[in-house]
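Asks: I'd like to ask you about the structure that follows.
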Amino acid sequence: MKIKRVILTLTMVYLMIYSERQLAFAESERKSFDSVYIKNSTLGPELGYEKLFKDWMGINAAGFWYFLWDGELIDSFHMKSFVSFYPFGDEHRFYVDLGGFMLRFGDNVGSLDFNSGFHAGGLFGLGYNYHPYNGGLYLKIGLEGIIFKSRQSPDKTTLGISFSPSLGYAF
């Protein structure tokens, strides 16, 4: 039992030292802290912007406005704000996203158990990110999930998960 604890402790210390060295190297080399991207998310297509504050953390804002015509004009929009954490890596890295969303449907669309009106909920993401040190192609591929209370069934919590690729430009 003690041997397992020692091995676990040494592994955690090694990972902490390794990640600190990687972060120190990456922050000294990085010249690109901004990116714009197009994403296919759980809520639909969107345009987004990411600002890195450190090489291991950034904040994102994304959204889209839809105009549909089905005998009458129907407008819908969604906005998301979330924080991205990049615990390991450099240009090629793993990410974890945590945040929230708000959306409005102008008519009953029926997608993901939403009814017309405003809705809000939480979101999370997990996957791979490529953000070059000097700018260029920006890529983020992973799974995105949303969780919310439905207005149609207020006692029920709904979870939606989808494959969520992003492609853009880092500068």
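The values are calculated or read from the model by the stated rules, or taken from the named source; none is laboratory data. Computed from a predicted structure; not experimentally measured. In this analysis, Cβ positions are derived from the backbone assuming ideal geometry, glycine residues included, and neighbour counts consider all displayed protein chains.
Residue-by-condition table, conditions (1) at pLDDT 70 or above; (2) under 15 Å from the mean Cα position of the chain (by Cα); (3) crowded, with 18+ Cβ neighbours inside 10 Å:
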{"site": "L8", "(1), (2), (3)": "yes, no, no"}
{"site": "M12", "(1), (2), (3)": "yes, no, no"}
{"site": "Q22", "(1), (2), (3)": "no, no, no"}
{"site": "K31", "(1), (2), (3)": "yes, no, no"}
{"site": "S41", "(1), (2), (3)": "yes, yes, yes"}
{"site": "P45", "(1), (2), (3)": "yes, yes, no"}
{"site": "G58", "(1), (2), (3)": "yes, yes, yes"}
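Asks: Would you tally the residues in the stretch 78-105 being in contact (Cβ under 8 Å) with a residue 40 or more places away in the chain and over 12 Å from the mean Cα position of the chain (by Cα)?
Replies: 6
Asks: Looking only at the stretch 151-170, decide whether some residue is farther than 19 Å from S41 by Cα, modelled with pLDDT under 90 and in a strand (DSSP E or B).
Replies: Yes, that holds for at least one residue.
Asks: Can you name every residue in the stretch 45-59 that is part of a strand (DSSP E or B) and aromatic (F, W, Y)?
Replies: Of everything in the stretch 45-59, those that are part of a strand (DSSP E or B) and aromatic (F, W, Y) turn out to be Y49, F53.
Asks: Within the stretch 87-95, can one find any residue that is modelled with pLDDT of 85 or more and in contact with an Asp or Glu (Cβ under 8 Å, 6 or more places away or on another chain)?
Replies: No: zero hits.
Asks: Just the residues that are in contact (Cβ under 8 Å) with a residue 40 or more places away in the chain and touching a His at 6+ places or on another chain (Cβ under 8 Å), please, taken from the stretch 149-171.
Replies: Correct list: A170 only.
Asks: Quickly run through the stretch 122-144 and pick out the residues that are buried (at least 21 other Cβ atoms within 10 Å of the Cβ) and part of a strand (DSSP E or B).
Replies: Across the stretch 122-144, the qualifying residues are L123, G125, N129, Y138, K140, E144.
Asks: Could we say that Y66 is out of contact with any helix residue (DSSP H, G or I) (no Cβ under 6 Å at 6 or more places or on another chain), surrounded by fewer than 17 Cβ atoms within 10 Å (Cβ to Cβ), closer than 20 Å to S164 by Cα and at pLDDT below 85 here?
Replies: Yes.
Asks: Counting only residues that are touching an Asp or Glu at 6+ places or on another chain (Cβ under 9 Å) and more than 17 Å from F82 (Cα to Cα), how many does the stretch 135-150 have?
Replies: Residues meeting the conditions: 4.
Asks: A further question follows. Scanning the stretch 47-56 for residues that are at pLDDT below 90 and among the hydrophobic types (A, V, I, L, M, F, W, C), which turns out surrounded by the fewest Cβ atoms within 10 Å (Cβ to Cβ)?
Replies: Within the stretch 47-56, the match that is surrounded by the fewest Cβ atoms within 10 Å (Cβ to Cβ) is F53.
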